[in-house]
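The values are calculated or read from the model by the stated rules, or taken from the named source; none is laboratory data. Remember, it's a predicted structure, so these values are computed and weren't measured experimentally. All Cβ positions, even for glycine, are placed from backbone atoms using ideal geometry, and neighbour counts span all protein chains on display.
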Amino acid sequence: MHASGCVIKTRHGTMDARRRTLLIGIINVTPDSFYDGGKRLDPDKAVADGIGLVEAGADVIDIGGESTRPGARAVSVEEELQRVLPVIRGLRRNVNVPISIDTYKAQVAQAALSEGADIVNDISALRFDPQMAVLVAAEKVPVVIMHMQGTPQTMQAEPCYNNVVREVQDFLTTQVHFAIEAGVERGNIIIDPGIGFGKTLDHNLTLLRGLSVLASMGQPLLVGASRKTFIGKILGVEPEERLEGSLAAAIAAVFGGAHILRVHDVKETRKAIRVADAIRFGVPGPER
């Protein structure tokens, strides 16, 4: 990938993945997320945890107000806003890294950007809300477009592919073109294969093995495998015991060409990928 494509400018700082892998720290303010659901319903707790993730080395904080685990119930715009806006406001006052809003609703994204968020992380790849592409283009902010088969309610019913890497690549190529036609700048588009979103264990492993194909598309590549079900299936453990497996997946993603990792465990992952980055890039990446 050409070096310039690894630099993403945001309103609160530049994300530079040319010599090191960037980390997005996850803050879910939901009662039902698969790993940390219910732990951060108090906005003050969520803000404090977000500050802690930045201190541990997160380059971006991702705030989500609606669980997208398999079978999760949808929430209203109003409920989502009540969960995320106080956290974004609190974090914006206390940290100087970019903040990402994890939503597929344009109304939520608009409000979040108005309160200081920098990036839109859309699991639907701009498909669920026709206003999302318009908003992202108008606001000139980076957007993550992710592959998902079906919806969070249906995605794990019976996911099926003939060639999962090729089909994910084709989908992401199509959605990148769609975003550009809507006015989004190519340099603002981050791609995500959607590990665990409408994929079996074998699909997820095949995608992680085939990341170099996606990395060659010329867009910054984000991978989110942290504590997901496929790790639990391999190890036979619940989400609380999937740290080591998550670190293994993170290292595999780094060597597959990922530029950004979305993780729950920032401190531990930062240490692991400093070593991986030293191997990948030849020297330890500079710390922020």
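Worth pointing out:
- The set of residues in the range 139-163 that are touching a Leu at 6+ places or on another chain (Cβ under 8 Å) and assigned to a loop (DSSP other than H, G, I, E, B) comprises VAL141, HIS147.
Rundown of residues vs (1) acidic (Asp, Glu); (2) buried (at least 24 other Cβ atoms within 10 Å of the Cβ), yes/no style:
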residue	(1), (2)
ILE24	no, yes
ASP49	yes, no
VAL54	no, no
ALA58	no, yes
ILE61	no, yes
VAL75	no, no
ARG92	no, no
PRO98	no, yes
GLN110	no, no
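- Within the range 112-121, the set of residues being of a type in the set (S, T, N, Q) and surrounded by fewer than 24 Cβ atoms within 10 Å (Cβ to Cβ) comprises SER114 only.
- Any hit, the range 239-261, residues being touching a strand residue (DSSP E or B) at 6+ places or on another chain (Cβ under 9 Å), in a strand (DSSP E or B) and buried (at least 19 other Cβ atoms within 10 Å of the Cβ): yes
- Evaluation of GLU268 against (1) in contact (Cβ under 8 Å) with a residue 40 or more places away in the chain; (2) over 22 Å from ARG69 (Cα atoms) (one fails), failing number: (1)
- Selection count, the range 122-138, where residues are in contact with a strand residue (DSSP E or B) (Cβ under 9 Å, 6 or more places away or on another chain), surrounded by fewer than 18 Cβ atoms within 10 Å (Cβ to Cβ) and either polar (S, T, N, Q) or not in a loop (DSSP other than H, G, I, E, B) (or both): 0
- Residue in the range 61-69 that is closer than 22 Å to VAL144 by Cα, among the acidic types (Asp, Glu) and at pLDDT 95 or above present: yes
- Evaluation of ASP170 against the conditions (1) within 19 Å of GLY257 (Cα to Cα); (2) in contact with a Phe, Trp or Tyr (Cβ under 8 Å, 6 or more places away or on another chain); (3) charged (D, E, K, R) shows that the sole unmet condition is (2).
- Test: residue in the range 72-88 that is of a type outside the set (D, E, K, R) and within 19 Å of HIS147 (Cβ to Cβ): yes
- Residue match in the range 164-181 (condition: assigned to a helix (DSSP H, G or I), without any contact (Cβ under 8 Å) to a residue 24 or more places away in the chain and more than 22 Å from GLY210 (Cβ to Cβ)): yes
- Residue match in the range 73-83 (condition: at pLDDT 95 or above and outside any helix (DSSP H, G or I)): no
- Subset of the range 188-218 [surrounded by 15 or more Cβ atoms within 10 Å (Cβ to Cβ) and part of a helix (DSSP H, G or I)]: ASN188, HIS203, ASN204, LEU205, THR206, LEU207, LEU208, LEU211, VAL213, LEU214, ALA215
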